[in-house]
1. Quick check on this structure: which one of ASP25, ASP16 is out of contact with any helix residue (DSSP H, G or I) (no Cβ under 7 Å at 6 or more places or on another chain) and part of a helix (DSSP H, G or I)?
2. Within the range 22-42, how many residues are among the β-branched types (Val, Ile, Thr) and either under 16 Å from ILE10 (Cβ atoms) or in contact with a Cys (Cβ under 9 Å, 6 or more places away or on another chain) (or both)?
3. Go over the candidates TRP79, TRP38 one by one and state the one that is outside any loop (DSSP other than H, G, I, E, B) and surrounded by 15 or more Cβ atoms within 10 Å (Cβ to Cβ).
4. Of all residues in the range 58-76, which are surrounded by fewer than 10 Cβ atoms within 10 Å (Cβ to Cβ) and in contact with a Gly (Cβ under 8 Å, 6 or more places away or on another chain)?
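Here, each number is a calculation from the coordinates, and none is a lab measurement. These figures come from a predicted structure and were not determined experimentally. Neighbour counts run over all protein chains shown; Cβ positions are idealised from the backbone, glycine included.
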Amino acid sequence: MATTIMEAYIRLGKEDDLVQLAAGDDNQDLSDSLVATWYTGESPNPDDLVVVEYTDALIWQAMDYTKPMGYCGGTIGYWSEPSEA
């Protein structure tokens, strides 16, 4: 997922900004955008409606009570059993 996200930012012309951010520069807009991309899986490019990642987006770990739509959560009827602690 990290490679796919980095490639999306490079296509946006943000490679130098990413290098500077990794070196410790303060770029709140880019930082916020990176976090949003990691959690939503959406492309950082507003003109590119491609999903960078879907099932691996961090939102599914943050919302552990649900799963990506269309993604099987277990065997038939798994949802009727109590979840594991």
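1. ASP16
2. Qualifying residue count, the range 22-42: 1.
3. After applying the criteria, what remains is TRP38.
4. None - no residue of the range 58-76 is surrounded by fewer than 10 Cβ atoms within 10 Å (Cβ to Cβ) and in contact with a Gly (Cβ under 8 Å, 6 or more places away or on another chain), so the list stays empty.
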